[in-house]
Amino acid sequence: MKTWFLARIAREKILMVVFVMAAAIIWLSSAAERLTGSTRDLRTVGAELDAQQVWLDNRQSIEGAAAVAVQNLDPSRTYDATALVAEVMALAGQAGLAVNTDPPRTQRTSQFAFHTLQVTTRRADFAAVIRFYTALAERAPYLGLEQMTLQAEGGTGALNVRMQIASVELVK
């Protein structure tokens, strides 16, 4: 290989060295990117493990707080996913809102089931939104507003509203 390289003219030797160096630079930059990504992933996993360890270390107090919370809840007043949709639709109707809902999503634990429901309404009156919010707040802690986005409807005074409403259900 050495004799073949040395037998080339100077212009070919320079061109081959440039190509080899370009390939080496590309390979090294790719290796550096992979190393940076792996280091970032390692730090992220370490932070997640630390957070999980905090949860595990506080397991006794968390379970105790959950047990106290369960004692303060009346199981007959909790809402399952179907009751959540029905109650929200009834409250919206009483407040004068025409709403659309997405299917509810459920997260389960050993003691609770948390149901969330996305509710949207277009061209709503501000007073109707306040009536709905007030009626919803009266049902706390069984129903709660987790997130609400208000957007003005082009100078008409009407609002487009997107809400995420949550309910808690005691698992029996």
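Computed from the coordinates by the stated procedures, all read-outs in this text should not be read as laboratory data. In this text the structure is predicted, and so the values were computed from the model without any measurement. Positions of Cβ are backbone-derived with ideal geometry, glycine not excepted, and every protein chain shown enters the neighbour counts.
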Volume in Å³ per residue [convex hull over Cα atoms, computed for the stretch 75-170]: 80 Å³
Cα point-scatterer Debye curve for the chain, base-10 log of I(q)/I(0) at q = 0.13 Å⁻¹: -0.83
Extended-chain gain in nm, criterion 0.36 nm per residue less alpha-carbon gap, Ala23 and Thr44: 4.4 nm
R0 of 41 Å, Cβ-Cβ distance Gln71-Thr156: FRET efficiency to nearest 0.05: 0.25
Kyte-Doolittle mean at least -0.5 and Cα axial length at least 27 Å: DSSP H helices in the chain: 10-57
